[in-house]
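Have a look at the structure below before the remarks.
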Amino acid sequence: MRRWRGALVAALLLQSAPAPAETLAETPPPLTNSRYDEDYRYLLDPAAGSGAFWERFKAIPLTPGGTVSLSTGLEARLRGEAVRNSGWGQDEPRNDAYGLWRLLPYADLRAGSALRVFGQLVMAGSAGKLGPEGAPDVDRADLLQGFADLSVPLGSAQGTLRAGRQMLAYGSERLISLRYGANVPRAFDAVTGIVQSGPWRVDGFLGRPVRAAPDLFDDRRDGGRSAWGLYATRGAGAGWGTGLDAY
């Protein structure tokens with residue numbers, strides 16, 4: 001089987017803004033596949049912007065001083081695939097050429113440093129594909145992510161409790177992954193606890209994977225499977241080389 005792929009990804013980042021009392025970044029963060037780890041709240045300071053067109057969508061104050069703020073975004077991907085001899089010579093060869101598209105709009109609402117609500121939709125489809133379309137190919141419109149965070153100080157550490165539909169990825173993603181390369185990413189209905197202290201971060205999660213379905217808002221959690229685990233990382237530093245990851 002031979003396969004050719006081409007992809008065009010466009011990201012218009014529209015994300016969130018916090019209370020000025022927090023220590024904020026001063027430059028745009030790196031783009032991420034899950035989107036919720038990006039932080040544009042430094043743009044609440046009018047002097048911090050560069051004048052780029054997308055900045056007006058990334059930090060929208062809803063109260064004076066930006067204690068409550070909204071950030072929005074949209075990722076669009078167009079992809080072409082061509083497949084030859086899909087049966088690997090075992091049956092009648094089927095050649096196929098088709099297009100895949102998806103839209104991932106999202107919004108991030110923050111109230112100070114303690115409360116946050118993040119939501120993201122998925123709209124994905126194909127054009128010209130032979131045969132039945134699989135669950136990772138098509139999802140007309142559905143909730144990809146929708147969760148709430150409660151963050152509290154734990155002495156010198158910071159703790160976050162996250163509950164709702166969320167994308168999870170750890171390490172090299174061999175065990176828990178976003179399935180970002182497919183047209184419809186993977187999500188979990190889960191509760192996640194995160195503790196961050198200096199270079200250490202510990203995540204504990206418990207949930208069920210979401211079964212993607214092609215029609216409108218018909219994705220449901222998989223009642224026959226569950227996922228739970230504990231994951232810890234320590235960033236690179238003196239005496240630690242490139243760091244440590246452990247399940």
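The values are calculated or read from the model by the stated rules, or taken from the named source; none is laboratory data. This is a predicted model, so every value here is computed, not measured. Here the Cβ is made from the backbone with ideal geometry for all residues, glycine too, and neighbour counts use every protein chain on show. Side chains are part of the model used for accessible areas, which takes the heavy atoms of the whole protein and leaves out ligands, DNA and RNA. Shrake-Rupley method; radii C 1.70, N 1.55, O 1.52, S 1.80 Å.
Label reach from residue 233 (point 7 Å along Cα→C-beta): in the stretch 176-215, amide nitrogens under 17 Å belong to 176-180, 192-205. Here the chain has 59 percent of its accessible surface on carbon and sulfur atoms, given a 1.4 Å probe and all protein chains in place. Counting other Cβ atoms within 10 Å, which chymotrypsin sites (Phe, Trp or Tyr not before Pro) in the stretch 165-218 have at most 15 and lie in a DSSP loop? Passing sites in the stretch 165-218 are 180, 217.
The Cα atoms of the stretch 107-204 give a gyration tensor whose axes a ≥ b ≥ c have a/c of 1.5 or more with a/b greater than b/c, which makes the shape prolate. Projecting label points 7 angstrom from Cα along Cα→Cβ for residue 247 and residue 54 puts them 3.3 nm apart. Simple rule: put +1 on each Lys or Arg Cβ and -1 on each Asp or Glu Cβ in the chain, find the dipole, and look at 46, 135, 166; the Cα lying farthest toward the positive end is 135.
Heavy-atom accessible surface of the stretch 183-233, averaged per residue, reaches 54 Å², computed with a 1.4 Å probe. Between residue 96 and residue 78, residue separation times 0.36 nm minus the direct Cα-Cα distance comes to 4.8 nm. Treat each spin label as a single point 7 Å out from the Cα along the C-beta direction, and report the residue 226 to residue 27 distance in nm. Once both label points are built, they end up 4.5 nm from each other.
Dipole check for the chain: with +1 at the C-beta of Lys and Arg, -1 at the C-beta of Asp and Glu, and the Cα centre as origin, the magnitude is about 380 Debye.
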